[in-house]
Amino acid sequence: MLAMNYRGPFRVRAEQKPEPEIQHPEDAIVRVLRSCICGSDLHLYHGLVPDTRVGTTFGHEFIGIVEAVGSDVQKLKVGDKVLVPFNIACGKCAFCKQELYGNCHESNPEATAVGGIFGYSHTAGGFDGGQAEYVRVPYADVGPLIIPEDMHPDDAVLLTDVVPTGYQAAEMGGIKKGDTVVVFGAGPVGIMAAKCAWLFGAGRVIVIDHLEYRLDFVRKYAQCEAYNFRSMTDPVVFLKKITDWFGADVCIDAVGSDAAGNAMQTITGKKMMLQAGSATALHWAINSVKKGGIVSIVGVYGPTDNLVPIGNVVNKGITIRANQASVKRLLPRLIEHVRSGYIDPKAIISHRIPLEEVADAYHIFSAKLDNCIKPILIPPSARQ
């Protein structure tokens, strides 16, 4: 089969790999119809996530058709069209029973902090992902959801990660009616977090980024304010000033380890690898939120340590909430939001690229070329 193959930082290519096989009675094999390149895939591509091994296939956002099922699979059959959450979850452990599917205790033998994730390094279990023609899906009775017949496949593929992650970012913010919400990052997750903040009753939504085309997009898509931090002397002072010097009620870090905007963070976190990525957006979130406010973190940081102003967290009485999105828990509500027209996921897709051109796709997305917001990959078998 054709699959994306990681060859080292900034080096990926499309190559032939063996097709996956059923390894466990609860497995399914899915033929991929669409997969996405996620902003967090760029952390892998840039070499910021430990134990990202040569030969890995990325891709945790994908939909497809069930081609084979293990002997214990009861809820799926060959031919079902499914969306597959990025979380790999057993459905039975103590954390899955709390609907913390991103924290499954059984699916990731490589770490105790996070559950398994498709195509996201060996720190997340070492599973190959969906930027391929076929993918093995463990615990097939738990994660995959049959796509409703009335749902567009482009909407379905974005329900595997970007929409639930943006929605949970807003949910974790504990937004109350009339709150001012600041979202750091106008990538796909930040755009969706800004859009979803209104669903929780926000009275004002502000997005901070440094790319004008993304700021223009989020202003139109999420009907929010959007500002370029490159035009500011200090983004924290700017945000304090426009919030009557109180700060925002809720700040959301939707950037993670690739954040720009601070030379020291970039050098220590992205160049010298002395910390787990650049924590610039997290600093700004902590320092921009009001006393007693909430900081919600969905941006991805690698394992080990980051330089974070924990003293400010204590002295301001800030609540920090963070997690991988529990996609399975959120899907029923989000499907209804899509059907009702409150969210239009497919509108953020800017590029549809053949899987054979995956190297170009990563370069375009990473270098922010051609006004790229969200690229999806189409395997050759899905185009026939």
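The values are calculated or read from the model by the stated rules, or taken from the named source; none is laboratory data. Bear in mind the structure is a predicted one, so any value in this text is a computation, not a measurement. Every residue, glycine among them, receives a Cβ derived from its backbone with ideal geometry; neighbour counts consider all protein chains shown. Remember, those area values only see protein heavy atoms, side chains included, never the ligands or the DNA or RNA. Shrake-Rupley method; radii C 1.70, N 1.55, O 1.52, S 1.80 Å.
A few notes on this one:
- Building the convex hull from the alpha-carbon atoms of segment 1-99 and averaging its projection over directions returns 7.5 nm².
- Taking θ as phi - 60° and the Karplus parameters 6.51, -1.76 and 1.60, the scalar couplings of segment 66-79 work out to 5, 9, 7, 9, x, 5, 9, 6, 10, 9, 10, 9, 4, x Hz in sequence order, x denoting glycine and proline.
- Packing rank of 86-96, 31-41, 305-315, 131-141, where each peptide gets the mean count of other beta carbons within 10 Å, highest leading: 31-41, 131-141, 86-96, 305-315
- log₁₀ of I(q)/I(0) at q = 0.15, 0.24 Å⁻¹ - segment 312-371, Debye sum with one point per alpha carbon: -0.84, -0.94
- The chain: DSSP helices with Cα axial extent of at least 18 Å and average Kyte-Doolittle hydropathy no lower than -0.5: 327-340
- Shape call, segment 302-344: gyration tensor on alpha carbons, a/c limit 1.5: prolate
- Reach of LYS291 by Cα under 27 Å, taken over lysines that are not fewer than 8 positions away in the same chain: LYS176, LYS177, LYS195, LYS240, LYS241, LYS316
- Charge tally for GLY203 (other residues, Cβ to Cβ under 10 Å; Lys, Arg +1; Asp, Glu -1): +1.
- On the chain, 51 percent of the accessible area sits on carbon and sulfur atoms, based on a 1.4 Å probe.
- Remark: spin-label model distance GLU357-VAL54 equals 2.8 nm, labels positioned 7 Å along the Cα→Cβ axis.
- Net charge contributed by nearby residues that have their C-beta within less than 13 Å of TYR139 (K/R +1, D/E -1): -1
- Shape category assigned to segment 135-185 from the gyration tensor of Cα positions, a/c cut at 1.5: prolate
- Calculated [θ] (222 nm, deg cm²/dmol) that DSSP helices of n ≥ 4 give over the chain, each run adding -39,500 (n - 2.57): -7000 deg cm²/dmol
- Among beta bridges that DSSP assigns inside the chain, antiparallel share in %, nearest 5: 50
- Measuring max minus min along each principal axis, the C-alpha atoms of segment 257-372 give extents of 47, 37, 23 Å (largest first).
- For segment 318-384, the relative contact order is 30 percent, taking Cα pairs closer than 8 Å that sit 6 or more residues apart in sequence and dividing their mean separation by the residue count.
- Sequence-distant residues sharing a close amide H with ASP80 (under 5 Å, placed H): VAL66
- Here segment 57-157 is treated as a Stokes sphere of Kirkwood radius computed over C-alpha pairs; at 37 °C and 0.692 mPa s its diffusion coefficient rounds to 237 µm²/s.
- Whole-angstrom gap from segment 344-384 to segment 1-39, using each part's C-alpha centre: 16
- Working value for the chain: equivalent-ellipsoid semi-axes of 33, 22, 20 Å, each the square root of 5 times a Cα gyration tensor eigenvalue, largest first.
- Cα principal axis extents for segment 140-257, largest first, Å: 50, 30, 27
- Centre-to-centre, using Cα atoms only, segment 178-236 and segment 272-299 are separated by 16 Å.
- Stretchable slack from ARG7 to LEU307, in nm (0.36 nm times residue separation minus alpha-carbon distance): 105.0 nm
- Phi angles across segment 246-261 convert, under the Karplus curve 6.51 cos²θ - 1.76 cosθ + 1.60 with θ = phi - 60°, into 3J(HN,Hα) values of 8, x, 6, 5, 9, 10, 10, 8, 10, 10, x, 6, 9, 4, 9, x Hz, Gly and Pro given as x.
- Cα gyration tensor shape for segment 272-313, rounded if a/c is under 1.5, else prolate or oblate: prolate
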